[in-house]
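Colleague: Supplied in structure tokens, the structure appears directly below.
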Amino acid sequence: MKTIKYFFQFLLILFFFLISKTLGAKISSNISYQIFKLLGPFFRPREIIEANINRAFPSLNRQYINKIIDDMWGNYGRILSEYVYMKDFRLSDLSNNIEIKGLEILESIKKENEPVIFVSGHFNNFELMAMQIEKSGINLAAIYRPLNNYFLNGIMEKIRKKYICKNQIKKGMSGTRQLLSFFKKKTSIALMIDQRVSQGIKSNFFNKPAFTTTIPAQFVKKFNCKIVPIYIERKKNINFKLTILEPLQYAPDETIETITLSLNAILEKMIVKNPSQWIWSHNRWK
């Protein structure tokens with residue numbers, strides 16, 4: 001039964017990709033935004049999303065909460081439609097749609113030739129971050145979570161490896177070993193720190209404990225490397241601003257707990273800047 005379900009989902013997404021490619025990047029992104037505002041709530045319980053928003057922003061009024069939820073689902077649609085244009089964002093005319101603030105930081109990292117850990121969250125469109133880092137000439141490996149739908153996952157992996165970041169590492173214990181191998185070969189790492197993990201620690205996130213990955217902190221303790229926060233925001237339609245923040249160098253006496261907590265605090269600031277552009281549907285505080 002699950003195989004049949006996945007197969008029909010696969011056919012539906014293929015049809016969606018075909019329509020998106022036919023319409024063009026801007027039109028398909030705008031239409032997908034409107035469609036997913038309507039269809040998104042059928043994919044994930046609204047209760048989880050509202051609970052997450054209320055944990056982070058307990059004083060928000062109902063109207064603004066509804067706007068955040070509508071925009072979040074709409075942004076899901078935009079991101080999905082833009083996968084068929086990843087080649088254009090990387091190699092063609094759409095590359096001019098990405099403004100980069102802090103390009104000199106990437107140049108400095110490349111010049112120093114010492115691997116760093118890039119950290120961020122699922123903002124809008126998060127795939128473009130690893131793309132721009134690798135495009136700048138930095139050797140990079142990115143962690144990703146395979147889709148449950150194995151028919152669709154194969155296509156997404158091909159898109160990621162060809163146009164986003166060629167070194168894709170599956171989330172999990174085997175992936176962590178791969179990370180170590182890449183890092184020792186002076187390959188920087190990019191990972192999202194905003195998802196709930198089964199192997200991590202509870203660290204305050206918006207003043208409430210949430211299971212959080214300790215991979216960045218572990219690499220800091222083992223290699224004394226720098227952490228580089230990055231953030232992307234959609235400015236309008238298919239135009240983006242990518243911000244590279246100053247590298248963080250932690251003192252030797254910092255612990256895994258304090259480093260992880262500080263990174264959660266940075267992530268909070270990114271979310272507060274534009275709540276509508278973060279994906280609230282993950283059960284972050286479960």
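Values quoted throughout were computed directly from the atomic coordinates according to the rules given, and no laboratory measurement underlies them. Note that this is a predicted model, so its numbers are computed, not measured. Here the Cβ is made from the backbone with ideal geometry for all residues, glycine too, and neighbour counts use every protein chain on show.
Colleague: How many angstrom separate the Cα center of region 17-33 from the Cα center of region 247-261?
Modeller: One Cα centre to the other: 43 Å.
Colleague: OK, next. Using 0.36 nm times the number of residues separating residue 114 and residue 222, minus their current alpha carbon distance, what extension gain do you get?
Modeller: Length gained, residue 114 through residue 222: 37.5 nm.
Colleague: While we're here: Per the Kirkwood definition applied to all pairs of different Cα atoms, how many angstroms is the hydrodynamic radius of the chain?
Modeller: After inverting the pairwise mean of 1/r, the radius is 19.7 Å.
Colleague: Then there is this: Distance between Cα centroids, region 142-172 to region 70-102: provide it in whole Å.
Modeller: So the separation of the two Cα centres works out to 17 Å.
Colleague: Now, a different point. Residues with amide H under 5 Å of residue 190's amide H, sequence separation 5 or more or different chain, H placed in the peptide plane at 1.01 Å from N; which?
Modeller: Distant-sequence amide H within range of residue 190: 118, 141, 142, 143.
Colleague: Return a whole-number percent for the relative contact order of region 2-277, with Cα pairs under 8 Å and 6 or more residues apart as the contact set.
Modeller: 22 percent
Colleague: Rounded to the nearest 5, what % of the DSSP beta bridges within region 2-277 are antiparallel ones?
Modeller: Bridges in region 2-277 are about 40 percent antiparallel.
Colleague: Related question: Just want the answer: with Cβ charges of +1 for Lys and Arg and -1 for Asp and Glu, which residue in 274, 244, 81 is farthest toward the dipole's positive end in region 2-277?
Modeller: Going by the charge dipole, the pick is 81.
Colleague: Identify the trypsin sites (Lys or Arg not before Pro) of region 120-193 meeting these criteria: DSSP loop state and at most 14 other C-beta atoms within 10 Å of the C-beta.
Modeller: Within region 120-193, the qualifying trypsin sites (Lys or Arg not before Pro) (loop, at most 14 other Cβ atoms within 10 Å) are 166, 185, 186.
Colleague: Give me a comma-separated list of calculated 3J(HN,Hα) values for region 174-184, in order, Karplus coefficients 6.51, -1.76, 1.60 applied at θ = phi - 60°, integers in Hz, x for any Gly or Pro.
Modeller: Each residue of region 174-184 in turn: 5, x, 4, 5, 5, 4, 4, 5, 5, 5, 5 Hz.
Colleague: Tell me the net charge near residue 254. Cut-off is 15 Å between Cβ atoms, residue 254 excluded, with +1 for each Lys or Arg and -1 for each Asp or Glu.
Modeller: Combined, the nearby Lys, Arg, Asp and Glu give +1.
Colleague: Please list, in order along region 23-35, the HN-Hα scalar couplings obtained from phi with the Karplus expression 6.51 cos²θ - 1.76 cosθ + 1.60 (θ = phi - 60°), rounded to whole Hz, x for Gly and Pro.
Modeller: Working through the residues one at a time gives 6, x, 4, 5, 5, 5, 5, 5, 5, 4, 4, 5, 5 Hz.
Colleague: Can you tell me, using C-alpha contacts under 8 Å and at least 6 residues apart, the relative contact order of region 30-108 as a whole percent?
Modeller: 41 percent
Colleague: What ³J(HN,Hα) values, in whole Hz, does the Karplus curve 6.51 cos²θ - 1.76 cosθ + 1.60 give for region 52-62 when θ = phi - 60°, with x put for Gly and Pro?
Modeller: Computed from phi, the couplings for region 52-62 are 4, 5, 5, 5, 7, 10, x, 9, 5, 7, 4 Hz.
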